[in-house]
1. Once you list every other residue whose beta carbon is under 13 Å from the beta carbon of CYS84, what net charge do they have if Lys and Arg are +1 and Asp and Glu are -1?
2. Can you grab the distance from the C-alpha centre of the stretch 150-188 to the C-alpha centre of the stretch 10-35, Å, no decimals?
3. Would you kindly calculate the mean projected area, averaged across all directions, of the convex hull enclosing the Cα atoms of the stretch 97-183, in square nanometres?
4. Compute, for the stretch 97-183, the length of the dipole vector about the Cα centre, with Cβ point charges of +1 (Lys, Arg) and -1 (Asp, Glu) only. Units Debye, rounded to 20.
5. Only helical DSSP H runs with n ≥ 4 go in: add -39500 (n - 2.57) per run for the chain, normalise by residue count and round the 222 nm mean residue ellipticity to 500 deg cm²/dmol.
6. Output the DSSP H helices from the chain with an along-axis C-alpha extent of no less than 24 Å and a mean Kyte-Doolittle hydropathy no less than 0.0.
7. Residues with beta-carbon under 14 Å from that of LYS168, excluding LYS168: net charge, scoring Lys, Arg +1 and Asp, Glu -1?
8. Pulled fully out, how much extra length does the chain show between LYS54 and GLU147, if you take 0.36 nm times their separation in residues and subtract their Cα-Cα distance?
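Any read-out appearing in this document is the output of simple, stated calculations on the displayed coordinates, not a laboratory observation. Note that the structure is a prediction, hence the values are computed from the model and not measured. Here the Cβ positions follow ideal geometry from the backbone for every residue, glycine too, while neighbour counts run over all protein chains shown.
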Amino acid sequence: MSIILSIETSTPICSVAIHKDAKLMANADLFLEKSHSNSLSPLIEQLLQHCDLKMSDLNAIAVSSGPGSYTGLRIGLSTAKGLCYALDIPLISISSLDSMTEQVINFHHDPSAFYIPMLDARRMEVFYKISDVNLSDIEQMSNLIIEEDSFNKYKEKKIYLFGNGAKKAWDVLTQQSENFILVNHVDPSAKYFGAIAFSKYNKEQFEDLAYFEPNYGKEFYSPKSKKKSFLDLNR
């Protein structure tokens with residue numbers, strides 16, 4: 001038996017869930033901007049109480065590996081690592097894009113289709129990957145500026161587009177093929193970590209607590225402040 005706590009913080013949604021042998025026991029999604037640092041720990045405590053569990057009952061922690069918000073992913077990972085160290089249990093990483101695909105496959109199970117989750121990366125750029133119905137990679141995670149001929153080689157197949165970057169892509173891609181299908185209201189959620197995390201737990205596919213880092217999708221960029229420092233003013 002395995003009881004796994006899942007944490008998803010790659011978007012503004014702060015999401016936690018508890019699964020027992022891949023079956024959902026409870027989950028909570030908080031749709032509140034910049035809430036991760038203040039809300040994540042209380043959500044975890046409330047969920048454990050709701051399930052009548054203690055921290056010591058957990059067998060592993062699953063956490064989003066990205067892509068997504070730099071700050072959100074850092075908060076989720078630091079919380080997950082802290083729990084793993086304290087409880088001496090393994091860390092499991094789950095792609096935000098894979099969890100979204102798992103969600104869509106539950107409702108649109110099509111062996112002949114491809115699935116493309118998309119997270120908005122501003123303007124016409126998205127983070128994406130392409131999977132089949134078995135979650136096998138057709139294209140690994142990358143970032144892409146959407147153009148009319150994007151995914152042109154797949155246009156004869158039925159393709160599901162979903163995520164907060166999918167609508168702008170769908171508006172462009174449907175000009176080349178009607179086989180692109182938009183699925184609305186699909187966000188990364190810890191609720192859909194269960195099957196993936198359980199499989200990785202059984203295969204002992206764990207992350208190194210000391211060295212594991214999320215895949216942000218892009219190198220983090222921090223703009224230089226335009227304010228003059230004391231040294232600048234005295235040069």
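1. Details: positive: LYS81; negative: ASP88, GLU207, ASP208.
Taking every Cβ under 13 Å from that of CYS84, the sum is -2.
2. After rounding, the separation between the Cα centres reads 26 Å.
3. On the way: hull surface 19.0 nm².
Here the figure is 4.7 nm², rounded to one decimal.
4. Values: 9 positive and 14 negative charges, 32 e Å.
It comes to approximately 160 debye.
5. Working: 6 runs with 64 residues, N = 235.
Result for the chain, helices only: -8000 deg cm²/dmol.
6. Values: long enough: 70-87 (25 Å, 0.63).
Span-like helices in the chain: 70-87.
7. Numbers: positive: ARG122, ARG123, LYS167; negative: ASP120, GLU125, GLU147, GLU148, ASP171.
Residues close to LYS168 contribute a combined charge of -2.
8. Working: separation 93, 0.36 × 93 = 33.48 nm, distance 4.98 nm.
Extending this stretch completely gives an extra 28.5 nm.
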